[in-house]
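The values are calculated or read from the model by the stated rules, or taken from the named source; none is laboratory data. All of these numbers come straight from a predicted model, not from anything done at the bench. Cβ atoms come from the backbone with ideal geometry, glycine included; neighbour counts cover every protein chain shown. Each accessible area value is taken on the protein alone, full model and side chains, heavy atoms only, with ligands, DNA and RNA left out. Shrake-Rupley method; radii C 1.70, N 1.55, O 1.52, S 1.80 Å.
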Amino acid sequence: MIDDFGPLWLTLKLAVTVTIILLILGTPFSWWLAHTKSRLKPICETVVSLPLVLPPTVIGFYLLVAFNPNSLLGAFWMTMTGETLTFSFNGLVLASLVYSLPFMVQPLQSAFEVVGRKEYEAAQSLGATPLDAFVSVIIPMSLRGFISAMVLTFAHTIGEFGIVLMVGGNIPNETKVISIAIYEHVETLEYAQAHLWSAFLLLMSFAILLGVYTLNKRFRLNVG
């Protein structure tokens, strides 16, 4: 039996926090990427995609440098909150925002490109504000993209290891998420506990992906 559920609650807290923040920040950014003709678009798309190709240890190393209390960002955070970003839950959140960014932005960008701007502009021509047109027209038409983006971001955040270990370390009830707990149990030869956490993550990931595919299929059938 699992004797400490702290890593579970911390993992869920981190995944929910990151998903909500990225949904708020990623939606307008994805809309802009989907429809802008700016020369900066390829650069922005490249930056967003970097976490997909870079080893987590590379991103983790640079984030660790950026979060250091002697750096500009680390010193600013220390002044504002009195706490360090390294080896803290807030540091994990910021690192996860970077690492999970493409899993929120890319599905949303693709959905917005498919939907286009015609209905959005038609709603505005009938008197709707830009926000009303986006909420009442674009979001319902892009619902599959929103579901995919949120689920992928949530699932990817749950499975993070390299960046979490480098930025957060292994502090119980602060930075010790499930992936770190598995690593610790393997290091100490507690394979039974490692099996339990690994099986839990496997089943949860399977259930999440199964739910996404089922919902997407049902939604496609309903609108078709």
Subject >> Normalised contact order of the range 96-224, rounded percent, pairs of Cα under 8 Å and 6 or more residues apart >> reply: 24 percent
Subject >> Carbon plus sulfur fraction of accessible area for the chain, probe 1.4 Å, in percent >> reply: 70 percent
Original post:
In percent, what relative contact order does the chain have, based on Cα pairs under 8 Å that are 6 or more apart in sequence?
Top reply: 30 percent
**OP:** When a/c is below 1.5 the answer is rounded, else prolate if a/b is larger than b/c, else oblate, so apply that to the range 30-123 with a ≥ b ≥ c taken from the square roots of the Cα gyration tensor eigenvalues.
**Re:** prolate
Original post:
Quick one: accessible area per residue over the chain, 1.4 Å probe, rounded to a whole number of Å²?
Top reply: 56 Å²
Original post:
What helices in the chain pass both tests, a Cα length along the helix axis of 27 Å or more and a mean Kyte hydropathy of 0.5 or higher, using whole DSSP H runs?
Top reply: 6-35, 191-223
Original post:
How large is the charge dipole for the chain, taken about the Cα centre, if only the Cβ atoms of Lys, Arg (+1) and Asp, Glu (-1) carry charge, to the nearest 20 debye?
Top reply: 960 debye
**OP:** Please label the shape of the range 150-201 as rounded, prolate or oblate, based on the square roots a ≥ b ≥ c of the eigenvalues of the alpha-carbon gyration tensor (a/c under 1.5 means rounded; beyond that, a/b larger than b/c means prolate, else oblate).
**Re:** oblate
Subject >> the range 60-115 - Kirkwood radius from inverse mean 1/r over Cα pairs (Å) >> reply: 12.6 Å
Subject >> About the Cα centre, charge dipole magnitude for the range 101-209 (Lys/Arg +1, Asp/Glu -1 at Cβ), debye >> reply: 300 debye
Original post:
Got a sec? Charge dipole of the chain, +1 on Cβ for Lys and Arg, -1 for Asp and Glu; which of GLY26, ILE208, PRO69 is way out at the positive end?
Top reply: GLY26
